[in-house]
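Let me begin by presenting the structure, written as structure tokens, before commenting on it.
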Amino acid sequence: MNRITDRDELLERLWQLGERGAATVELLRESLKGRLSGDELDRLQEDGMVRRDAEALSFTARGAARAERLIRTHRIGERLIHDVLGREFESAACEFEHILATEIVDGICTLLGHPRECPHGFAIPQGECCRVSARWVQKIVVPLTELQIGQTAKVAWVYTRSDQQLHRLTSLQIRPGSIVKLHQDYPSYVIECDGASIAMDAEVARSINVWLEGAAPTEESPPRHARPNFTKPWWRWRLGGRGRGN
Amino acid sequence: MMREEARVPRLTQLDPHPVGRDPRFTGPDPHLTEHVKCIAVVGLPNSGKSQLCNSLTGTYALVSNYPQTTVAVSTHRITVEGKAWEVTDTPGLHGLFIQSEEELVVRALLFEHRPDVIVQCVDANRFRESLLLTADLLGLGVPLVLVLTAVGETARRGIQLDTSSLGRLLGVPVIASPSPGAGVPELRRLLLGAIPAPRPLEYGDALEGAVNKIQQLLPPVSPFPRASALLLLENDPSFTGATMNGRSAHVEEIRSGLAGTAPRMIADRRTEWVDEVATQVSRNTPVVRAGPRFSETFARMCRHPLYGLPLLALFLGLLYVMVVYVAGALSLFLTMAVTDPVVRAVGILLPQGFWKDLLIGSHGLLTLGLFNSLTTVLPILSVFFLFFGLLEDVGYLPNLAILTRRVSAKLGITGNAVIPLVLGFGCKTMATMTARTLQSRKEKIIVIALIAFAIPCSAQMGLSIAILGAHGLRYFIAAFGFLAVAEVGAGLLLNRLIPADSEGQFIQELPPIRVPRFAAVARKTGYRLLWFLREAIPIFLVAALAMFAIERLGVLALLKTALKPFITGWLGLPLDMVDALLLTFARSEAAAGLILKMSREGALNGVQAIVAVILITTFAQCFANIAAMFREVRARAALLIMVSIYAASLLYTGAVRAALTAAAGALGL
């Protein structure tokens, strides 16, 4: 690992410590499990990124800006991998922030609808794109599993595990551009697509990503990601049909 | 089961990888010197192929409102203007790229026997999905005729399909069939003049180039070289080996020379074409409705955990009332009006002795054979089949499968295996054959074992309800509760014992809920009863004769002495149940008929009736189902399943009896 990523990693750690309270040298050392050598911290101070006041550590304006950008990219990356690709995000996203340019991150952020929290539930620092289009707070592309019952949406993309699955879904007309309507989400997902009712597992439903069209911009839209499926209490079992919520 | 057994001999079981050609399709016919032309009727699952074949040929094959009613190819001969044609009904097909084993059978039929005309049933409800198949069929260069089914339903939803412009676009004749059977005279007329369609679907320079190169690699006599080349390009795993003789490396090279992945490029081009055609042919006029359609609400309620279970209970309750009160009364009436007078007359006419015993003794040809089937079993089956046929026509069963999916997942049934399991309540044999669509071997074995074990098929269920109904509703609930426990327990056990393999993903098309057509249901019930009679009466008679013989020879008495501790001790049943147990080896209905008679005559108490019902449901295996099991899984596995089921059945029934005797007072039984 070269020096710049080591430094970036330290900045990210400091940001995370700051989110939980105050950052001190001791806490930083603990969180890095002994991988912290004194001169790395000194070098950050030399570069004018971090101020040290006895044990307490704080960002300079320059350091804070850089750390914010890193954290934002990392968490947007996690969201992308989690929401869109539906895969494990831990290993893939940790390299993300060292590669992507700000414009690309803003682009992904816009595509995802300016998410506010990473899959772990930590806040994602806002980018310029979020400030410009602050009224769009809802995600644009979501997995089918996040639709409301009775809601209609256009398929954005489908992640298929195999050619067979691609053929199966394509022949059922579940493909980019087709319109699907969610009828039921328990005990199985049931959607209507091209006149046919199709039942499927949550796993298949999660691989189908849809555009939320005509989603009214609302001020407060609590993140609905990682909603546990099938663990709903019985009093929330709804027949659906004319939509619920909203 | 019995009503399907009549069909089985007529089915042509096609090897998915046929070596030679089936002489039935191509060989010289002894009665006709000219070439018999073949028509293959293909289409998506549940698109009305069997319905069309029935109308076209005037014969009858089971039709239902759910996918996979037909799981094997069946052929009938018709005459159109003096010329003989063979009409072949096929299982559902989505496209030439194969998605399951019964589709493989259809593709094998098309490729090996090269029909002279292909008739595609196009379900207007799933127009685009059907067009994907049309795209593949047009590429074969075989004369093609499209029959649009369910156009009435789509029209009510505000979608109009322009048949004439569809025909012009595709260059093939198109017939609209707004109701089942309509358009058949026109189809017959068109068959005579059907010509190969112009090839409409070009895949673009890159793909066409690749297809051409692969075509040159194919053996010179390959059927449908273009379609074969496309399948090889798409990398259909079921197609590669047989035709290529080690030239697959070249294909791989051509495939990797493309700018994208071939399957996706081909799929994209096809969907583009489908969209083009569909937008030109269909017109949408939005139908304004106050709320969701009743059929949709009903379907949703059937699948819903909160509303679905009461609905299921309601249907079961209706079934109970129909069988116990309507069919039971009918059966009692027939017994009094027919059986009793005849038996009395024979008793008066014949002297005591051999002939009297042969006809009206306890194992008489008339009593145990003819009247058992006609006056005891038949009325119950009529009512049951009628009710069950209504549910089938409505399209209830697949929706029930969704409801029970969570439970079945616990039993190791994760994928599309729920449907065969639910279909087991109709006919075990057909359900076992449907299990061939499953990819996972583990699921296949679990499903086949569970179908054979504690699921009562429609005939068993009807008779069981009648037996238990003679004692009261709570006996019916108790017996079916015990059967459910047995089934769930067996599933849990098998799920633990059998190592996991590929986990099937659950994607299932659901049929639209339809208002049942009473004429069609009545016809279906009529045919089921006819098949039952044609097949069961001889078996009932032979079984009665065999029982009579072993009684005369003293074997029955020996058997009863030998089995006494088991029957009266372990199972707590009267010793005469040995007769019923022996009859299960012939037909479970014969045994059930005898038990029903015993139950009505007071020879069985309520607890004994429960034990007897559980015993015949789990122990009695019909021959057709055993044969189907041996076809679908390897002989060793099938044998193992059979032996385990016999052992489990006897153990479980005994355990239930012990539990019931211990708790009879507390349960009020």
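Quick notes
- Alpha carbon centroid spacing (whole Å) that separates region B:170-233 from region B:359-409: 43
- Cα gyration tensor shape of region B:485-584, rounded if a/c is under 1.5, else prolate or oblate by comparing a/b with b/c: oblate
- Normalising by residue count, chain B has a Cα convex hull of 188 Å³ per residue.
- Per-residue mean of C-beta atoms belonging to partner chains within 10 Å, peptide A:199-209: 3
- This ranking places B:Y66, B:Y527 by how few other beta-carbon atoms lie within 10 Å of each, fewest first, which gives B:Y527, B:Y66.
- Residue-span extension gain [B:L192 to B:K356] - 0.36 nm each, minus C-alpha spacing: 52.9 nm
- Shape class for region B:63-113: oblate, because the ratio a/c of the largest to smallest gyration tensor axis (alpha-carbon atoms, square roots of eigenvalues) is 1.5 or more and b/c is at least a/b.
- Estimated FRET transfer efficiency (B:L258, A:D53; beta-carbon r; R0 56 Å; 0.05): 0.35
- Shape category assigned to region A:3-59 from the gyration tensor of Cα positions, a/c cut at 1.5: rounded
- If R0 is taken as 30 Å, the Cβ-Cβ distance between B:N212 and B:L169 corresponds to a FRET efficiency of 0.75.
- GluC sites (Glu not before Pro) restricted to DSSP loop in region B:535-607 with at most 12 other C-beta within 10 Å: B:E601
- The per residue volume of the convex hull around the alpha-carbon atoms of the protein assembly as shown is 224 Å³.
- Residue exposure proxy: B:V326, A:V50, B:V119, ordered by other Cβ atoms within 10 angstrom of their Cβ from fewest to most, comes out as B:V326, A:V50, B:V119.
- Cβ crowding within 10 Å, taken as a proxy for footprinting-reagent exposure, orders B:K356, B:K564, A:K33, B:K444 from fewest neighbours to most as A:K33, B:K564, B:K356, B:K444.
- DSSP-loop trypsin sites (Lys or Arg not before Pro) across region A:137-206, with at most 10 other Cβ within 10 angstrom: none
Here, each number is a calculation from the coordinates, and none is a lab measurement. Quick caveat: nothing in here was measured; it's all calculated off a predicted structure. In this analysis, Cβ positions are derived from the backbone assuming ideal geometry, glycine residues included, and neighbour counts consider all displayed protein chains.
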